[in-house]
Every structure is written in structure tokens, then in C-alpha cells.
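Encoded as C-alpha cells, the structure appears first; notes follow it.
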Amino acid sequence: MIEIKEVSKHYSGQRKVINRLNLTIPDGKIVGFLGPNGAGKSTTIKMMTGVLPIDEGVITLDGNDIEKKPLEAKRIIGYVPDRPDLFLRLKGLEYLNFIADIYDVPKEVRQERIERITKQFSIYNSLDDYIQSYSHGMRQKIIVTGVLLHDPSIWILDEPLTGLDPKSAYILKEMMREHANKGKTVFFSSHGLEVVEQLCDEVAIINNGELLFYGTLEDMKETYKSDQSLEQVFLELTSNE
Amino acid sequence: MNKTWKLIRIMLKMQYSRVGKKNSETALLVIALLFLLPMAFVYISVVRNALTAFYNVLEPLGQESLIIGILLLTSHIILLFVSFITILSAFYFAEDIDSFIPFPLQPYQLILAKSAGPMIYLYGTAALFYLPVLFIYGGVSSASILFYIAGMMIFLLLPIIPFTIAGILLMFIMRFVNIAKNKDRSKVIAGISSFALIILLNVFIRLNTDVDVIMQDAAIFIREQDGLLRWITAFYPPAYFGTMTLTAITIWNGILSFFASIALHAGAIILFIWAGQLLYIKGVLGMGTANKSNFSDARLSKKTKVSPVWLSYIKKELRIIFRTPTFLTQCVVSSLFAPIFLIIILFMDSSSGNIGGLLDGVTGKHGLLILFLGSLLIVGTNATSISGISREGKSWHANLFLPLNPKQVLLSKIATAWIINLFTILLAVILFVFIIKLEWTLFLIWLPLALLASWFSSALGMYLDLLQPKLNWTDEQEVFKSRMIGLIGIIIQLGIFGIIVLLLWNLNIINGIYMTAAILYVLIIIGIGVMHSLMHHKIKQKQHQLI
Ligand SMILES: Nc1ncnc2c1ncn2[C@@H]1O[C@H](COP(=O)(O)OP(=O)(O)O)[C@@H](O)[C@H]1O
Ligand SMILES: [Mg+2]
């Protein structure tokens, strides 16, 4: 479970990009974090994962405060950043071993998971190549593989479906569904709507750093005129000012 | 030509733009320069004294042109070395070439634009070595205004010949080294071989210096006006014409020399452009990329290894350093360069039997102090620690979201720098044991001290990088280029420990090697303690998240 309480954030010398955000993400659900470009999705996610310090408010992950108990909190989560260009000079397998060492994944477990996941993603044959030679989608897949090695109880993905081919996108969505079915939390951001209806159990809509809506799709359709399409609701919600 | 100008402007902007630079960096730079001011005074007064002495000896013999000749020759040699390094990185190592190749540009336009960066560097170097001597010579010989005008013209020409020589040679080499078909590997080969070339050149020059023959030759040439000049610059016309311009500017001879100089330089530039047009793009394009491989379950099982986090982290650091050509040359090769150079020179001198003077100094308290400061200087120039965080670039945030203790990250990075320093220290061990044949007590006291100094220096470098890392780079070169951090690190280390060594040297209460050693050990351990607590403090302030 993720709890975000009264969180605000501003970058040096600028207006607040996140303004008193409150959000609770339950276990066993896939929650989509939606908003137009620049809404503050990545900023929120970076605070949740300990990349950025939090100005005000508290974020806890399964009860662990990310600021007060960072190591415990980070051990629980698996994070797929929006830009997958990490450690390009390592080979795929070296990267996975490095990540597995950090999360203390035993040898048999990591070997089994590396084989299964990379074969699903069809990057198994590239494990001995430098990540630098991977395409954008392959880099994303190797990072997703790394994240799943320790079977995180909270899985956070920033714009995960951008740049994936249809087959890989399908596999990733299946993996997210499987993860949520195991009773774990899956939280991902997206600036598009395509995935929402087929994937999300609940959505949070953010714009200009403020939460506009949180709930199931049905809630949303009830709250707003039910004859409107999802797209129209979204546009209406985020078009203020 | 218009397009070339635009290219130059874009390339320089990308290199020297102030985006992401903070005022505090400028402030640090000013402080560093203030530290250097006294050194500049010392430098100028030493040059002045030496020059006056030379001039007074040579002037009655009609040989004073020799001074200018030597000045131009040494300037050219220094500029040639600098050219090799800057051209290699600007022409071949910089990643931005790939983005320019698709544009409809002539190769010569690209190399002219690419030359702007190195040229600025060369003019800076030339200003440092050439200008002070020029003005002092002008003063000593009470030269006319024409001398200074000619001097400035020569200054403008100065970097051209070394640059074109180095450029043409490197373009030629790169065109054919690339048979390796592997971009990274050929970069490394080229980097190492240009260092090797410099060392070989030095060895070659030293092998050919037979003192007796030189004295005989000199005796013959000294009899005619400017004879010595003609003798030392005979094989190198640019220096000859340059000198004639400067020393005879008031007469026809000088003016003719000046035009000869101009013609020579113009020729060099044309040759350079022609060679660039012919060789450059092919050299860059020849650098192919990686190959495809197949993977098997057996290989997966063999390559899946469990290691403790710190070890895994250090392995990752070393892999990245050794696989990235820029990091390899900056962090490893260039730190080995100075000691190898020293070893070869000393070895050759010792085989010719005149190393005695060096041996005598290195004993007892004073010997230890010299060795200590020398070790600090050598490990202090290693760029591994000061690039520890910056090397991560955009991967830095992975250190934050992965469950890694920031302290452990920094310690592993310090350890990495320390490990790379081990190569340098190993070379020093070879030097001390086999060539200088240091006393055993001194050697045994020095070795752990050097290892501790290496840790101190690595911790200091890491701390400085933590304060102001350069993470937003697109090309690895930016981690080292136009950053003052390395200089600042050395100045701080040598400033603090230089003063301490000076005190110990002069304090008569402290005598004997053991007492001195004890004090140095205590001080360096205190130094390490201070660095670690400073770092601890910065982590508490969340500096690692704020950068
Ligand atoms: N490093 C930064 N420095 C300053 N402003 C930033 C930085 N990163 C993001 N912003 C600003 O914060 C706002 C939110 O950005 P972000 O969280 O990346 O949006 P999203 O991920 O929803 O597209 C934007 O207005 C953006 O311009
Ligand atoms: Mg974003």
C-alpha cells in the first residue's frame, strides 16, 4: 500500500509543481496515474522512490516512511524510470546480477527469473551484449526484468508503455495484471488513455500538481455525465484555466 | 565559409556554455587562482633571472638569438604534445561527431569547426609558456616596439604548425587503426599509442644526445653570428624563421623571415585541410559498433554470480571505467603516464650512471617528507575520485531509488579510486626498489603512508565531486573538460600538506625518521577522519538527492 499525505514539492525558485497531494493506493490493484505532460506525475513518482526529497508531507510504502526509513522502503518497491538509459556500459546480464546483488536475490531464484522473464521479452539472446547496443524498448525490458527479480511488493512504473512494440506492451500488461493478482500494488503513470480501460482497476488524475479525481472507472462515469466518453471527461478535467 | 563559422559557433557553445554552472564554481575558481598567484610570481622571477643570466653570456658572442630559438622550439614541442591529446579527444572521442555526419557538410568544414576547441586550448598553453618569456626577453634586451608587434604575430602563428602536424599524423593513424572495426577498442588503442608515442619520442631524443659530440658541434657554430640558432633549429624551419623575425625585425632579413613564416604556416593549413578532406570522415566512419551474440542456458548459469553489494558495486565501477574510452584514458592511462615517464627517464639516466644526486637527497627525515609530498602529488592528480559521481551522469538517480546506503555508495567509489591508484603506487614501488634502490626502512615507512595518502586523496576528490557534480552530460568528455575540480583538489591537498611538510622540514625539535613518520601517519589519519565526517555531514543534508 502507498500512502501520500499532504505532499508538496517545488523545484528551486519555482512555483509548486505538486500541491498538497493526498492519495492512497491499495494492494492488489492496478492504479493508473493519469495527466497531461508536465502535470507532475514523474515528480510525484520520484518522491515516492526516494530520488527527490519531499518538501512537505509524508509518503509511506507498506508503512515505511521513504524519508525516515529509506532503505526499508526502497527494498519493498521496484521502480521503472521513464528514461531507461541506465548503466549503458554494462552487459545485460551484468546489470541484472548487479541489481540482484543489491536486493539479495539468491542464485537459483535469480537464474530462474532472469531466464523466464528475458525469454518472455525476447531479450534472452542479447544478455551478453552491452546495454548501449539495445534499442529503447529493449532497455526498458531489461530494466523491468531487473525490477521483477526481487518480486517487489510495490511496483511503480513511469510511462512504461511508451516505446514498446505491441507484443512487448501486451506482455508487460500481463505481468502487471499477474503482479496485482498476487495481492501486490501496481502503480503506473501514463499521459495517454488507451491503456486505462483495458488495464486499470482505479485511476488517479492529476493536473498542475493537484489531484482532480481518484476512483474506479465506474465512479468516474457516475461523477461526470455518464454519456461522455472517457476521453471527453479527461479533456474536461484537465482543461481548466 | 559561412557554414564553417556557424558550425564553429555551435560547437564552442556546446562546450563552453554556462548552462548548469553555478556561481559558486566561479568563486572556487577565483580562490584557486589566488592560490596560484604566488606561484606565478615565483615562475616569472625564476624565468627572469635565468634569462638575464643567459642573455648576458650570449649577447657578447652574438648568439642571443639562441634564447628565442630555444623558446620557440620548446613552445612547439609542448604545443605538439597538447595537440595530440586535444585533437584525439575532439576529433575522434567526442560523441557529437556522429550527430554532425548526416548533415550536408564537407569533411574540411567539420575538421575546421572541430579545431576551434583545441585551438583555444593551445593558445592558452602558448600564452602560459611563450608570452612571459617574450616580454622578459624584450625587457632584458631593451627591444623596440616592433619586437613586441612581431612577437604577438608569432604568438598568433605559434600553435598552427604543431596542431597541423599532430592533426595530420592522427588522422592518418585513425584512418588505419580502424581496421579494428570496434569503436571503443580503436579509441583506446589510439589513446594509449599516442601516450606511447610521446614517451618513445622522449627516449629517442635522449638516446641521440651525446654530450661530447654536442659540445664539439657547438664549438664550431658559436664562431658565427646566430650560428647556434641555425644549428639547433636546422631541422625545424618554423622555429628558425620565427626567431629570425623576432631578432632581426628592424632589418630586411627579419621582414623576409616573417613572410617566409607566414607562407610556411599557410602551407601547413592547406595541407591540413587537404588531409582532413581525404582522411577524416573515413576514419570516423570506420569505427563500427558491437556484434551480435548468442546466449545459452549454460552461459547464464556460469555468468550468474552472487557477490556482496560493496564488491558488486566496485566491480560495476571498474567495468564502466575500463570500458569507456574517455574514462580509461583520463582515469587510468593518464595517471600512469607520469610515473612511467619518470621511470623511463630515471632508468636511462641511471644506466648512464648519473643518478647519484637524486639518491643522496632521499634519506632520513627530509627524504621521507619529499617522498610523502611526491606521493600525494601523484595520487592527487588521478581523476578517478573527482569524477566518481559525475561519471554516473544520468544514471545517478539509480543510486537513489535502489536500496543502497548513500554512505556505502560513496565508500565504494572511494575504494574504486583507491584501487586505480594502486597501479600508480605499484609503479612507484618498482621505481624505488629497482631503480632508485631506496633504503628499506624508508621504503617500508613510505608504502603504508602512500596507501593512506591515496585514500585521503580519493576521499577528498569524492567529496569535492559530491559538492558539485556534472551529471547532465551527453558526452563523457564533459566530465573532465572545463571543470576546475581536479585543480582545486590538488591545490587543497598540496596547500595543506605542503605547509605541514614545510613546518616539519624546518622544525628542529622534530628529528629522525621515526618521529616524522609518526607525525605524518597521525596527520593523514586525521585528514581521512575529517573527510569522512564531512561526507557524513553532507549525506545528512541530503546532498546526494539535491545534486
Ligand atoms: N528538474 C526540474 N527542474 C525544474 N522544473 C522541473 C524539473 N523537472 C520537472 N520540472 C517541472 O515540473 C513540472 C512537472 O513535471 P513532471 O513531473 O516531469 O511532469 P509529468 O511527468 O507529469 O509529465 C513541469 O512543469 C516541469 O517543467
Ligand atoms: Mg513524466
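Bear in mind that the values in this text are calculations on the coordinates, not laboratory data. Being a predicted model, the structure only gives us computed values, none of them experimental. Every residue, glycine among them, receives a Cβ derived from its backbone with ideal geometry; neighbour counts consider all protein chains shown.
Laid out as a table, the results:
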read-out	value
In segment A:148-241, the trypsin sites (Lys or Arg not before Pro) that fall in loop regions by DSSP, at most 16 other Cβ within 10 Å	A:182, A:225
Label-to-label distance, nm, for residues given as residue B:35 and residue B:496 (7 Å Cα→Cβ offset)	1.0 nm
Chain A: C-alpha gyration tensor shape, a/c 1.5 cut-off, then a/b vs b/c	prolate
Where trypsin sites (Lys or Arg not before Pro) fall in DSSP loop in segment A:32-119, at most 15 other Cβ within 10 Å	A:68
Loop-located chymotrypsin sites (Phe, Trp or Tyr not before Pro) in segment B:478-529, at most 14 other Cβ atoms within 10 Å (DSSP)	none
Stokes-Einstein translational diffusion, the protein assembly as shown - Kirkwood Rh over all Cα pairs, 1.002 mPa s, 20 °C, in µm²/s	70 µm²/s
Filter on A:173/B:538; A:74/B:538; A:74/B:481; A:74/A:107 - keep pairs with C-alpha separation over 31 Å	A:173/B:538; A:74/B:481
Förster radius 30 Å - calculated FRET efficiency between residue B:172 and residue B:106, Cβ distance, rounded to 0.05	0.95
Two-decimal log10 I(q)/I(0) for segment A:1-105, as the Debye equation yields it once each C-alpha is a single scatterer, q = 0.09, 0.23, 0.24 Å⁻¹	-0.27, -1.32, -1.37
Residue-by-residue Karplus 3J(HN,Hα) for segment B:67-80, coefficients 6.51, -1.76, 1.60, Hz, glycine and proline x	4, 5, x, 5, 4, 5, 4, 5, 4, 5, 5, 4, 5, 5
